[in-house]
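To start, the structure under review is shown below, and the notes come after it.
The values are calculated or read from the model by the stated rules, or taken from the named source; none is laboratory data. In this text, all values refer to a predicted model and were calculated from it rather than measured experimentally. Using ideal geometry, Cβ is built from the backbone for each residue, glycine included, and neighbour counts are taken over all protein chains shown.
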Amino acid sequence: MVPARGREDLRGAERASGALLQACLFPGLEEEIVVYQAQRLAEKIVRRSVAAGIAGAFYLKEVLSRGGVREGVGRDDRDLRRALLACCDDGVENVLFGWTVAATAFEAYRHECFLWHIKGGAFGRLTTRAHPAAPAGGWASCPECGDDGGRPPSFLKDGEAVEA
């Protein structure tokens, strides 16, 4: 616990810089990915639960009539709510969704990769068999397995080869 005088020093520094200041015990540690609890996929629930205009990743889990499960993952780099609303269908009753919130398109990609891998990846029962692709206009490798989609880095000009 920070003593009262120490907290005042932190608050003073925060006010002086105009930025939000938070002490970190583990500065090199990556931020935790928070996956929001699964809820029934319905337009009303999506509108109530997911804010508009934010990037993020999601998973869908359909419980089939004979007890089986069908799962898929996805993301939207601009509006997660819109992507989830597009998945809503009146004819489907037993579908759950969970989601993550991301600050950037790259972070949404990172979250989608995380969900894809924990749901079994190419060896699981995912309807999205292909590894998630990096955001448009960018190049990134998967933080879980290093997959880069076979694309060259964006700093290389078109047609420029990478020597092995």
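Structural remarks
- Of all residues in the range 87-108, those that are under 28 Å from A136 (Cβ atoms) have Cβ atoms under 6 Å from Cβ atoms of residues that are at pLDDT 90 or above and among the hydroxyl-bearing types (S, T, Y), 6 or more apart or on another chain, in G98/Y59.
- Residues of the range 99-107 include none that is at pLDDT 90 or above, touching a Phe, Trp or Tyr at 6+ places or on another chain (Cβ under 6 Å) and surrounded by fewer than 19 Cβ atoms within 10 Å (Cβ to Cβ).
- Every pair of residues 6+ apart whose Cβ atoms lie under 8 Å, when the first sits in the range 67-78 and is over 27 Å from A52 (Cβ atoms) while the second is assigned to a strand (DSSP E or B) and polar (S, T, N, Q): none
One line per residue, one yes/no per condition, for (1) part of a helix (DSSP H, G or I); (2) within 19 Å of I33 (Cβ to Cβ):
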position: A57; (1), (2): no, yes
position: E71; (1), (2): no, yes
position: A83; (1), (2): yes, yes
position: G98; (1), (2): no, yes
position: C113; (1), (2): yes, yes
position: R129; (1), (2): no, no
position: P135; (1), (2): no, yes
position: W139; (1), (2): no, no
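- Selection count where residues are exposed (fewer than 15 other Cβ atoms within 10 Å of the Cβ), touching a residue at least 24 places away in the same chain (Cβ under 8 Å) and part of a helix (DSSP H, G or I), scope the range 34-48: 2
- When the range 35-57 is filtered for residues that are touching a strand residue (DSSP E or B) at 6+ places or on another chain (Cβ under 7 Å) and closer than 15 Å to T104 by Cα, the ones remaining, listed by number, are I54, A55, G56, A57.
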